[in-house]
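For reference, the structure discussed in these notes is given below.
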């Protein structure tokens, strides 16, 4: 029996994905996760997971940083990115960082089923209408290397780094995570070394590089 995690904060879209999976796979156990932290729990609190359908914009995912984190912790699990962001550059970056495929949230049930069936057959999948544009995008080796380095951080280091990127000071991070301030400083030293940066500003910029703007937010800002 296959075990699949549907990681998305929208209940209606989780239901649509569940329907597509049920229609495609005969023997499957579905687990749902409304945020990134729950997704990580689903991957560690039970039997091995075969596939994660990951919403890049769900709470805690922080765009491609979440994909990098998940791939770093669980490289053996296939991950398909699910997103309303259909920018070919974003899709190219996700694939370069190890995603097995990309499913747009505009996809219908038939397309969802085809995507899931293709990935479970160990083939990558991108919507046909976007394939040429994605292929035309050049791989960014620097982005892929950064994603790999972030993926190698410990869970606590990742939490510290995400808060540094949000502009929190060491004392705020310590209070937020319930740890000593000197522990935060120790984590920061290790983060600097792993990311190849010299200060918290550079560390925050590196993390932000993997974040994405929701398409709706981009329209509102424009």
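The values are calculated or read from the model by the stated rules, or taken from the named source; none is laboratory data. As the structure is a prediction and not an experimental result, all values here were calculated from the model. When we count neighbours, we look across all protein chains shown, and the Cβ atoms used for this are built from the backbone with ideal geometry, even at glycine.
Inside segment 139-168, residues that are surrounded by fewer than 14 Cβ atoms within 10 Å (Cβ to Cβ), touching a helix residue (DSSP H, G or I) at 6+ places or on another chain (Cβ under 9 Å) and free of Cβ contacts under 8 Å to residues at least 12 places away in the same chain make up a count of 1. Applying the condition of being in a loop (DSSP other than H, G, I, E, B) and over 18 Å from residue 69 (Cβ atoms) to segment 202-222 and asking which residue is modelled with the highest pLDDT yields 213. Scanning segment 96-108 for residues that are surrounded by fewer than 21 Cβ atoms within 10 Å (Cβ to Cβ) and within 14 Å of the chain's Cα centre (by Cα) yields a count of 2.
Regarding segment 58-67, can at least one residue be identified that is touching a residue at least 40 places away in the same chain (Cβ under 8 Å), touching a helix residue (DSSP H, G or I) at 6+ places or on another chain (Cβ under 7 Å), on the phi > 0 side of the Ramachandran plot and in a loop (DSSP other than H, G, I, E, B)? Taking every residue of segment 58-67 in turn, at least one turns out to be touching a residue at least 40 places away in the same chain (Cβ under 8 Å), touching a helix residue (DSSP H, G or I) at 6+ places or on another chain (Cβ under 7 Å), on the phi > 0 side of the Ramachandran plot and in a loop (DSSP other than H, G, I, E, B). Applying the criterion of being buried (at least 24 other Cβ atoms within 10 Å of the Cβ) and at pLDDT 90 or above to the residues of segment 50-66, the residue that is farthest from residue 117 (Cα to Cα) is 55. With a requirement of 2 or more residues that are under 23 Å from residue 83 (Cα atoms), the helices (runs of 4 or more DSSP H) lying completely within segment 107-201 that satisfy it span 109-120, 128-136, 141-151, 155-165.
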